[in-house]
Each structure stands twice: as structure tokens, then as C-alpha cells.
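The values are calculated or read from the model by the stated rules, or taken from the named source; none is laboratory data. Just so you know, these numbers come straight off a predicted model, no measurement behind them. Positions of Cβ are generated from backbone atoms using ideal geometry, with glycine treated the same way; all protein chains shown enter the neighbour counts.
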Amino acid sequence: MNEFGQKIRKIRKDRGLTQQEFADSLGYAHKSTINKIESGKEDMSYQKILVLLKEYMLEAKTLFADPDAEMGKIDALIEESKKPRHDSCLVYIHGLNGSGSEADFYSFYTNKHDVIGLDYEDGNPWEVKDKIIPAFEEISRKYKIVYVVANSIGAFYAYWYLSSFQVEKAFFISPLVNMKQTVETAMKKNKVSLERLKREKVITTDNGQTLSYDFYMSLNEKDNWKAKTHVLYGEKDRLLDKDSVFEFVARHDSSLTIMKNGEHLFHTPGQIKFLKKWINEYL
């Protein structure tokens, strides 16, 4: 085990992660890659080092004896990565507790499209809006054609906040498409009346959830999403209201694919294979 491999192993061990969990967090498909890196049999690319530093909020000196020299290479890589390789791009918008690094899953498209993970920190939806729109504005300036893949609440951010942008096609996976119902359920659960919410404007519940009157009222506005959209829904999704998904599909003239025995999170080998086949069919 070389010195770099030892440091990688220590980072993983300090966080109590298995090699597979660590591999998943960095966008590697198999734990064997982490095993090879830790044992010194394989190098970690600068792209993955950058993901590691961001994901675990590490300083370069944690990994390198001469961090300035190595970070110079990483900075150059970042600048190079900002330059479009194609006229089109696929933008991935993650769900709750997710990460933009999940876009690595779609790397099999990089021979045709640039693949970009639109990252944001989990927070109140009206705050996320201020991060997503500027990022999408920059992407739209760079590319002639933009595809969107959005997961769970990421789909809400897409169709509610990005409707004014030109999107060639959108792919919504287990989409949360009725935020108003979600807020009303939270209000009922926490015994918060609309009158009280109107009076206090913002209420933080006992479980730390924040309810906003202005945000709730904005959900009464017209949904202006116009992009051709394809929806993937798991038959056994227990987190979404099935009727809301069907209503969204009908309202937007979207295609709907239902995976038998599929769940909210497409994570098993069979589900992942199904997801890839689905998106390949339309993209």
C-alpha cells in the first residue's frame, strides 16, 4: 500500500464507510476500484480527486505533500472541464440528500453530450430556486441543445423553476409533481392551519420542517412547463401519490413508463438496467 492509498483508506475508515459505500459516493461502479486505489494498484484520476475533496470537504494538504502543485493541476482540469465538448448537454438534477456527482451514472452519454450534475444543497424549495436558476442560465448560454434528467424533488425544481428555458427533452424519474399536496400534508400533520400560516408567514415545526405561506401560495400559479417529458414511475413507489403522477402526465402529454415492482429509488441491478433501457429508448 503506497502513501496515497493509505491516506485514501484512512479517509474512508475515519468515516466508517465500506469500500462499496465509498465507491458509490465517488461515482465508482464497484468497490474493487477503491480496493485497488488503497492498495496502490490503481491511480485516482484528478477528476475523482476533485469529487473526493468536494464530497468530504477536505483540503488538498490531506492528500498531497505538495498541495499547491497538485491543486494547480486540478484547477487546470476544472478550467478545461468548463469548456463544452459538444453542442448538447444532459443536465442531471438530483433528489433529496443526493449530489450532482450522481450525474456520473450517465457518463455513457459523454461521447454524444456533455453530462453536467446540477448541484445544490438541500434546503427550502424557495431557497434552492436561487441556486438552480443562475446555474441553468450559464448552461443555456453554453449549449444549443439541453436535455434534463431529474430525480424525485429534482423534477419539481425542473418543471417549476426552469420552464422559461429551452429544454429539448426532459426525463423525470419518480417525480414529485404535486408539491402543493406535499405542503398540505405537512401542514395537516403538524396541525398548522392556512390562517395561521398566513398570519405568521413562516413556521418552523417541531421536527425542523419550514412552512412558508408565500411559497404555498405560489404553488397556485399556473404550471408553465412545456418541454417534451418522459416519466418513469415504480409500481411500488410508496413516497408518491400515483394519481398525481398520472394527472401530471395527462396535463403535459408526457409518456409514462411504469416498472413492475419498481420502487421510488431505482437502485438494484435490475432497476438500473431498466432505467438505462428506458432513457436510451427516448434519448
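For residue 41, are the conditions met, namely being of a type outside the set (Asp, Glu) and farther than 25 Å from residue 268 by Cα?
yes
Using the structure shown, decide if residue 215 is assigned to a helix (DSSP H, G or I) and touching a residue at least 60 places away in the same chain (Cβ under 8 Å).
Working: assigned to a helix (DSSP H, G or I): yes; touching a residue at least 60 places away in the same chain (Cβ under 8 Å): yes.
When the stated conditions are applied, residue 215 passes them.
Test residue 157 against the stated conditions and say whether it is of a type outside the set (A, V, I, L, M, F, W, C), within 30 Å of residue 26 (Cβ to Cβ), crowded, with 20+ Cβ neighbours inside 10 Å and at pLDDT below 95.
no
Limited to the stretch 53-67, what total is found for residues that are assigned to a loop (DSSP other than H, G, I, E, B) and of a type in the set (Gly, Ala, Ser)?
1
Among the residues of the stretch 198-212, which ones are touching a strand residue (DSSP E or B) at 6+ places or on another chain (Cβ under 6 Å) and without any contact (Cβ under 8 Å) to a residue 24 or more places away in the chain? Explain how you work it out, then say what you get.
Of all residues in the stretch 198-212, those touching a strand residue (DSSP E or B) at 6+ places or on another chain (Cβ under 6 Å) come to 202-204, 210-212.
Within the stretch 198-212, 202, 203, 204 qualify.
Test each condition in (1) in the same structural domain as residue 150 (by TED's automatic domain parsing); (2) farther than 30 Å from residue 283 by Cβ for residue 210 and report the one that comes out false.
Condition (1) is where residue 210 drops out.
Scanning for something of a type outside the set (Val, Ile, Thr) and under 17 Å from residue 137 (Cα atoms), does the stretch 173-191 turn up at least one residue?
No, the conditions are met nowhere in the stretch 173-191.
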